[in-house]
1. Along segment 91-106, what does the Karplus equation 6.51 cos²θ - 1.76 cosθ + 1.60 (θ = phi - 60°) give for ³J(HN,Hα), rounded to whole Hz, x for Gly and Pro?
2. Once you place label points 7 Å from the Cα toward the Cβ at residue 925 and residue 614, how far apart are they in nm?
3. Ordered by residue, what ³J(HN,Hα) values in Hz, to whole numbers, does segment 845-860 give under the Karplus form 6.51 cos²θ - 1.76 cosθ + 1.60, where θ = phi - 60° and Gly and Pro are x?
4. I need the fraction of alpha carbon pairs in segment 373-488 separated by more than 18 Å, rounded to a whole percent.
5. Give the peptides 1068-1075, 1039-1046 in descending order of average Cβ contacts within 10 Å, highest first.
6. Using label points projected 7 Å from each Cα along Cα→Cβ, tell me how many nm separate residue 329 and residue 488, to one decimal.
7. Please list, ordered by chain and number, the residues whose modelled amide H lies under 5 Å from the amide H of residue 890; skip anything fewer than 5 residues away on the same chain.
8. Taking loop as defined by DSSP and a crowding limit of 15 other beta carbons within 10 Å, which trypsin sites (Lys or Arg not before Pro) in segment 725-794 fit?
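Here, each number is a calculation from the coordinates, and none is a lab measurement. Just so we're clear, the structure is a prediction, and the values are computed from it rather than from any experiment. All Cβ positions, glycine included, derive from the backbone under ideal geometry; neighbour counts span all protein chains shown.
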Amino acid sequence: MFDEYVEHSTAAPLNHGPSLQSRGLQYEGFEPAQPEDALDQDPQDTVEAGAPQAPIFDLGQVQCAINAPLVSLVVCSDMLVMGLASNVLILIELAHATQVTRIPIPVKQNEMTLYKLFMDPSGRHIIITSTQGQNWYLYRTWKKPRQLKTFNKLVIESIGWNKAAMLSNSQPTSTREILIGARNGTIYEAMLNAEEDFFKSQERYLQPVFSLPELHPITGVKYDVFPPSDPRRALVVVTTPSRIYQFVGAPDRRADESGRIFTSLFAAYRATVPKILELPGDTQHSELHYYTSNPDQALSLPRSLAWMTAPGIYHGNFNFESTTDDFIDAADVLHYSTSGDASELPVSIALTDFHYVILYKDRIAGVCHLNDKLAYEEPLPLKPSEEVRGITADPIRKTYWVYTDQSIFELLVGNEDRDVWKIYLEQGQFEIALRYAKTASQRNRVLAAQANAFFSEGHFFQAAQCYAQCSVSFEEVVLKFLDVNERDALRSYLISRLERTKKSDITQRMMLATWLVEFYLSKCNELDDMVASESVLHDVGNLQAERSILEDDLRHFFETYKGNLDPKTTYELIQGHGRTDMYLHYASAIGDSERVVEHWIMEEDWSQAIDALNRQSDLDLYYRFGAVLLRQAPKETVDSWLKQPTLDPMRLIPSLLQLQHAPRDPLSPNQAIRYLNHVVFDQQNTSPTIHNLLITFYIMPSSAPSTSLPTSDDGPILRFLGKPFYDLDYALRLCKQTGRTQPCVHIYSKMGLYENSVDLALEKGDLELAKINAEMPEDDQPLRKKLWLKIARYVVQDKKDIKTAMRFLENTDLLKIEDILPFFPDFVVIDDFKEEIAHALEGYSSHIDALRNEMDDATKTAESIKQDINALRNRFVTIDAGDTCSVCSHLLLTRQFYVFPCRHDFHADCLIGLAKEYMPAHSLRRMLALQTELMKGAGTPISSAIITGPASLPPSAVAVQPQGRQNHTQRTLLSANFTSPLQNGTRAANLLGRNLLSAGDKIRDLIVPDALAALVTAPTWIPGIGGGRRIGNDTDGGKKVEKLRAELDDLLASSCPLCESVVVGLDKPFITEGEVDTTWTL
């Protein structure tokens, strides 16, 4: 890789020939990598290189006390069962190895010799057979075995268990259908059930189903039903010491699961011969073993089998999809060949995933069944008199146990697939080797070998992919492909290396990507040349399709690896090959829209330039190329601008001004006006510059006079002049220069120069326009009348149309006939407006009559008011002697009082005290001023208005008593507010006046109800109160006092304070702030 790129200053040992090596040339390039220098080397590789590898097999002795010779050992599902010569069974659950169960067989040792033990895959059912033909059955939870009486005189050599039923736990107490291979050469079908049933024994049935013709002992029997999802067929494999049989057929299906499913299968072979393979030998001992990849699954099928015979181990793989009667594929025989005696036969064998474990009398060996080579051999640590019995395997847990008559050994199988990848690599099965390669160095070796194999076979594209994934040096691979001129495969290799290069290796990725661009462009040009040269003689459809695919690949490459390419270098490469389409695509891919637009502008392809501009989001390009595009394709350019609402119209003004000096078709709309209208009306732009520019285009749309719009077409500009953001002076100046009357009149109106607007409209003879502008100053009636007089003078004096002038008066109500008569000539025939004058005089006459009627009505109303006033003076109210004051509840007639129409009665002083609480501030101030003036007007102490009461009471709490009843110290007005009592009302009034400003919010406290009650009216008329006469009524001072008293009386009697307080208090809460409401307290 590029990470290995180094610079050398010494001679490099390159293997490119003796000349290069002898010259000692300096070079720069990729240092050749050793095979162990993997690109993605795993740290585990370095650990494995320095540390010894874990062994595949490891034999260890099990610490177990055996007090009698061990005859047989079986292990299934972590359940270990030993059969001793003393007819004792030892059960050990390996998960709880310390818990050992000893179960004796209830038979004398001289009466039965234990031969073999058999246990189902679930580890629940155990069958014991003896050489005398006695058979016993033990369920896992039983304390003692039970003899199988129907199995009497039957020496069992092998049992085929129903693995699917045993592992599914559907009926844990039942063995379901089992096949028993006996020593007499007969196959039996049987079923045992450990369930306690009084009417049934554990032996459900035992029946023979097939007898072999040679009557040799059946050393192995196994069966499987398939397919697992719908078991319609069964395969039964039976072995004898020299033969292997295959029985295939459909088992009987019984709904009650009562067994006996193999009767019809074996019955079919009574007339025909099953598939038989014979391997003759001089031994009577053989074993049949299956290997299943996932044995813990009930419906799993075995993968392979091994049959130990005299000539060797017969092995093969199962093919349950076979259409013939032979279901064993790739069958072969592994001959025994060890360091010992060549004629020595093994005692027993076991089958693992990749090895045959062969047990001899003194040693154990492991042979890999992938290459039939010895992978493991170890001598057994036997005692002098110790005899090897056999090896047994737990088919579910995949554990292996070797046992002798005195010891038990466990063969640990670990890291079994350690060297499997090497074997498959040597055999050329690279895909399988990759599957078993565990480290990066292993994968690297496999991929390198696979790549070399593909290259030597001429499969260059496959070789390129493999080379890209291994550590073969970059330059070596490149030179290989260049030597055979396989540039397409080299391109594939470079792409794969680029995909696997780290993103942080920026330089390496850039070099690879640039080289690939060169490859793509060269190939495209090569295909172009081939298409051009062969188009005459041959059909070039395939070449064109290949070129199209290659161009698509290059476009996709640009989009994927644009970040790894240098733009300047890539542009030069593409231009060097003359690929304009790729040039534009690459520019678009990297977002270089400026170069794309420039290209199409140079080609004068304006539509393509505008399309390229629309596909990008850089607004600066709109401003940069706006001038040339708007001049060459104005409509399309403006359409493009309208699609970009974020454009700044201020920066487009230079481009828009191009259209003002460019020739234009008078029948086509002005695109500058179209865009500016969009900005002003749709985008609501308020810039004065934009508005002024739009006015400029409206008034002077083109520099050529012949193409200018007619001056009478003022509708668009008048619609625009309603906007308030343009410069009125600038617009007025332009309109005057171009003679636009209506716009000028409108602008004058906007400026408030209504006289100028009317004068200009009349100057141009536009009477209707003048009328419209005359009505604009709606709030200024004199100005409106003046404007209408201007129009009237124009109609009368300039138009000299008397009839029109008369009709003109009907349009406005501001002018009368007498207003326009001065404009008529001195000598004019009255016949033209005689009727109008008559109408005017009739109108005046009717108006005078209306005014006279209004005056009469006013006189009548005044007389009626006078009569009502006189009637009010004589109005009276009858009161009873027992009526009381509405405030103090004392008799009303005891002192001066007021009676209101609402029938509320008050003493004068009570009325004043109540009224001052609801009077507004200005009324209170006026009442205080009247109180002061009245006290000044009195001049001497008023004997009839003496205020009495304790000094501690406020003025509002004192009572007025008649003069004849005074028998204590007299106090005058406000005496309670000062240190020494005042002796006369004059001083009190003076001091009261001086303290008005300092009273502030205490105006109500300064008003003394008792004193005011005495001052309102002389008390001589009050019933029951004597004394006094009116003082100074005939003098000027007396008249003034009477006037003040009348005003004070009007102020007090204007309204009833009780009724008024109800209205005043409508907006006030019932409970004031700070007041505690206890009305709802329980």
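1. Working through the residues one at a time gives 10, 10, 8, 4, 5, 10, 5, 7, 8, 10, 10, 10, 10, x, 8, x Hz.
2. 7.8 nm
3. Working through the residues one at a time gives 4, 5, 5, 5, 4, 5, 5, 4, 5, 5, 5, 4, 5, 5, 5, 4 Hz.
4. Result: 65 percent of Cα pairs exceed 18 Å.
5. 1039-1046, 1068-1075
6. Once both label points are built, they end up 3.4 nm from each other.
7. 885
8. Passing both the DSSP loop test and the Cβ count: 764.
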